[in-house]
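What follows is a short report on a single structure.
The values are calculated or read from the model by the stated rules, or taken from the named source; none is laboratory data. Being a predicted model, the structure only gives us computed values, none of them experimental. Here the Cβ positions follow ideal geometry from the backbone for every residue, glycine too, while neighbour counts run over all protein chains shown. Side chains are part of the model used for accessible areas, which takes the heavy atoms of the whole protein and leaves out ligands, DNA and RNA. Shrake-Rupley method; radii C 1.70, N 1.55, O 1.52, S 1.80 Å.
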Amino acid sequence: MRKYGWNSFKDLIFRNPAVVDQDPHVDNGDENPERGNWTNKREYILSTIGYAVGLGNIWRFPYLAYKNGGGAFLIPYFVMLVVTGIPLFFLESALGQFCSQGPINTWRAVPLLQGVGIAMVMVTLIVSIYYNVIIAYSLYYMFASFQFPLPWSSCSSSVDRNCSDTPIGAVFIPCSADLSVSLVANWTEENITHPSTDMVSVSVQSPSEQYWDLVALQRSSGLDETGPVVWHLALCLLLSSILVAAALIRGIKSSGKVVYFTATFPYVVIIILLIRGVTLEGARDGIEFYIGSQSNLTKLTEAQVWKDAATQTFYSLSIGWGGVMTLASYSNFHNNVFKDSFVVTLTNAGTSVFAGFAIFSILGHMAHIYKMPVGQVVKEGFGLAFIAYPDALSKLPISPLWSILFFFMLLTVGLDSQFAGIEVISTCLLDAFPNIFKSKRALLTSTTCAILYLLGLPCVTQAGIYWVTLIDQFVASWVLLVLVLLEIIGVCYIYGGNRFIKDIEMMLGHKSFTFWLWWRACWFFISPCIIVVILIWSVMTFTPPRYGEVQFPVWGLALGWCMVVFILLWIPVVALYKLMRTKGNPWERVKSLCSPSEEWHPYLDVHRGQRYSEERCRHRKKHTNRPEVNVNVITSSWL
């Protein structure tokens, strides 16, 4: 911190562009002196892996594997990785690297669909709000872990809720009995297994459930009951925002250094937890339940399993969010994006499988202690990360140590993904308004993080978990399928798959026809067909989201659909705006907007070659009906 003292910090934020010769986030050795580049290849790979490896790898994949046949689930998972995950990740990475622009300006290739790029940024913006809240949850639990015993290791008498240190699900108590915590907690096993007719069923929480609901969240009864801000979560949210802003203060130049730790430390923790987990009693049962002898190959005949495999592959790689394009846009023009795509996608898939062993080994131990099937311990999403796994960790010797490591891992995994989300927003604003923000990157990043913090405050009220669930279910869902489907149509069918392949060859060098045969098959047919099937299925089987047993009110569901409309509406609105601005009859306008704009080319002149030379651009300009525009005008960058 001594290197960047207060004076340096002030100069960085309030830098006067009139007296500065170079952008603060550009180094002298960068290939692109205007936008900047990654300091080295390692920082790009680590940043991209950190972006792809998110919380879903830790809490969603193990649950899906358990639900869909254990080890048998790996077959459809890796099949979908090959036919959809790797091809689409390669496509997005190559698109961003070729033009060195964010997800909005890359659509200069097909101006009619530039609204798709804006929609991607809107998705990232909204998701970044609640993702910041999840990081705040991890921070809170990490701080709470500095206690012995852990505060969720036993029922708390200070809160009024039925709780039992022995998870018994629902218990039966006399109709006339006082529903006190002590009575329920001490109810005998004989009463539970052989209830009499004059008893009623009462849901009983485990200590970790009680802590999550009543202490951490202070959860209200529903979305209608907002309640006050939960201040310990608000402070953790503030700290999360500060950490993200500090890491991105110099853009990729500073975040590229941070990811050396945040992208690698989770693997250290997973290895530590795995070693500790496999030495525990019952660990073998947990692992066999995960992908061992209990694997059910008959599940492969169920279409739902293949659908789950495809969606997990799709979402875990963060395709359609704009982050892959953004991170690739800072690579050198001749970077081997093909090799990088394999490294990142296979690392992401391997992390999911590896993390599952660490998770299930300890959950197996928990099932052994409680003398219950592993399947009754396993939960999805928040239930696994903040209820089931903390409960399991509390049963281990030196439980605070394991709990601190686990939640610090969640923190670093979440921060990596949040870095890329903020970078998407900042990069698009910088590309759109270079004259305004070029020398004020730190101020732009700080302002973005501050705005996201304020927008996240409703998510740390007593009804905050309902807002988080609502956003997750509506925004980070099949909306992304629509965006990626339009992306494939725009690049492969409108811009031209063969033209795009020639663009890639300008970066990688000439490849044989057989090399491109597989990628053509995926981009033109296999991937879009799978996406269409999943999209139709998702819409047909859509059920209103809920949190546990709590249903959302009608106005809450309407608000969720409004978010969907707000995102997708950019596509027709931008297309209509451009059609109105273009000269000629309707067909000429459509044809013109389906052709690359004058600004579509490699960023630097030295990389444009004969295909994108100035003479070719002038020739194309003569044969287009689009009016001449000044590239320095604000609307030329976005619209």
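Brief remarks follow.
- Of the helices (runs of 4 or more DSSP H) lying entirely inside the range 294-370, those containing at least 2 residues that are under 23 Å from the mean Cα position of the chain (by Cα) and of a type in the set (F, W, Y) are 303-316, 337-370.
- Of the residues screened, L415 is not one that is over 19 Å from I252 (Cα atoms) and either hydrophobic (A, V, I, L, M, F, W, C) or more than 20 Å from the chain's Cα centre (by Cα) (or both).
- Residue check for G85: in contact (Cβ under 8 Å) with a residue 60 or more places away in the chain, in a helix (DSSP H, G or I) and over 30 Å from V305 (Cα atoms): no
- Residue within the range 629-639 that is modelled with pLDDT under 85, within 30 Å of L470 (Cα to Cα), crowded, with 17+ Cβ neighbours inside 10 Å and in contact with a helix residue (DSSP H, G or I) (Cβ under 8 Å, 6 or more places away or on another chain) present: yes
- The listed residues are L125, L91, L55, and the only one of them that is open to solvent by less than 10 Å² (accessible area, probe 1.4 Å) and closer than 28 Å to V468 by Cα turns out to be L55.
- Among the numbered conditions (1) modelled with pLDDT of 85 or more; (2) among the polar types (S, T, N, Q); (3) open to solvent by 10 Å² or more (accessible area, probe 1.4 Å), the only one that T298 does not meet is (1).
- The range 586-599, residues that are open to solvent by less than 70 Å² (accessible area, probe 1.4 Å) and over 20 Å from I118 (Cα atoms): S592
- If you go through the range 505-526 and keep only what is touching a Cys at 6+ places or on another chain (Cβ under 9 Å) and not aromatic (F, W, Y), you end up with just R520.
- Residues that are of a type outside the set (S, T, N, Q) and open to solvent by less than 20 Å² (accessible area, probe 1.4 Å) within the range 465-475 comprise I465, Y466, V468, L470, I471, F474, V475, listed in sequence order.
- Considering only residues in the range 203-219 that are among the small types (G, A, S) and either out of contact with any helix residue (DSSP H, G or I) (no Cβ under 8 Å at 6 or more places or on another chain) or in a helix (DSSP H, G or I) (or both), the one that is most open to solvent (accessible area, probe 1.4 Å) turns out to be S203.
- Restricting attention to the range 476-494, the residues being modelled with pLDDT of 90 or more and open to solvent by less than 10 Å² (accessible area, probe 1.4 Å) number 7.
- Applying a threshold of 8 Å to beta carbon distances and a minimum spacing of six or more residues, or different chains, the list of pairs starting in the range 540-566 at a residue that is among the β-branched types (V, I, T) and ending at one that is open to solvent by 70 Å² or more (accessible area, probe 1.4 Å) and at pLDDT 85 or above reads V550/S221.
- Cβ pairs under 7 Å, 6+ apart, first in the range 31-42 and outside any loop (DSSP other than H, G, I, E, B) and modelled with pLDDT of 85 or more, second open to solvent by less than 40 Å² (accessible area, probe 1.4 Å) and not hydrophobic (A, V, I, L, M, F, W, C): none
Rundown of residues vs (1) of a type in the set (A, V, I, L, M, F, W, C); (2) over 25 Å from I451 (Cβ atoms); (3) touching a Gly at 6+ places or on another chain (Cβ under 6 Å), yes/no style:
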{"position": "H232", "(1), (2), (3)": "no, no, no"}
{"position": "L238", "(1), (2), (3)": "yes, no, no"}
{"position": "L248", "(1), (2), (3)": "yes, no, no"}
{"position": "T279", "(1), (2), (3)": "no, yes, no"}
{"position": "G286", "(1), (2), (3)": "no, yes, yes"}
{"position": "I291", "(1), (2), (3)": "yes, yes, yes"}
{"position": "D308", "(1), (2), (3)": "no, yes, no"}
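- Looking across the range 110-154, the residues that are small (G, A, S), at pLDDT 90 or above and more than 16 Å from the chain's Cα centre (by Cα) come down to G115, G117, A144, S145.
- All of G117, G71 fail the test of being of a type outside the set (S, T, N, Q) and either under 29 Å from W516 (Cα atoms) or in a loop (DSSP other than H, G, I, E, B) (or both), apart from G117.
- A count restricted to the range 58-79 and to residues that are of a type in the set (A, V, I, L, M) and buried (at least 23 other Cβ atoms within 10 Å of the Cβ) stands at 2.
- Residues in the range 537-562 that are within 19 Å of L483 (Cβ to Cβ) and either out of contact with any Leu (no Cβ under 8 Å at 6 or more places or on another chain) or open to solvent by 40 Å² or more (accessible area, probe 1.4 Å) (or both): W537, V539, F542, W561, C562.
- Looking across the range 576-585 at every residue that is of a type outside the set (F, W, Y) and open to solvent by 50 Å² or more (accessible area, probe 1.4 Å), the one that is nearest to D213 (Cα to Cα) is identified as L576.
- Within the range 513-536, the set of residues being open to solvent by 60 Å² or more (accessible area, probe 1.4 Å) and hydroxyl-bearing (S, T, Y) comprises just one member, T514.
- If you go through the range 324-347 and keep only what is buried (at least 24 other Cβ atoms within 10 Å of the Cβ) and free of Cβ contacts under 8 Å to residues at least 12 places away in the same chain, you end up with nothing.
- The range 563-575: number of residues that are within 15 Å of W107 (Cβ to Cβ) and surrounded by 11 or more Cβ atoms within 10 Å (Cβ to Cβ): 5
- Residues being open to solvent by 50 Å² or more (accessible area, probe 1.4 Å) and outside any helix (DSSP H, G or I) - total across the range 251-289: 3
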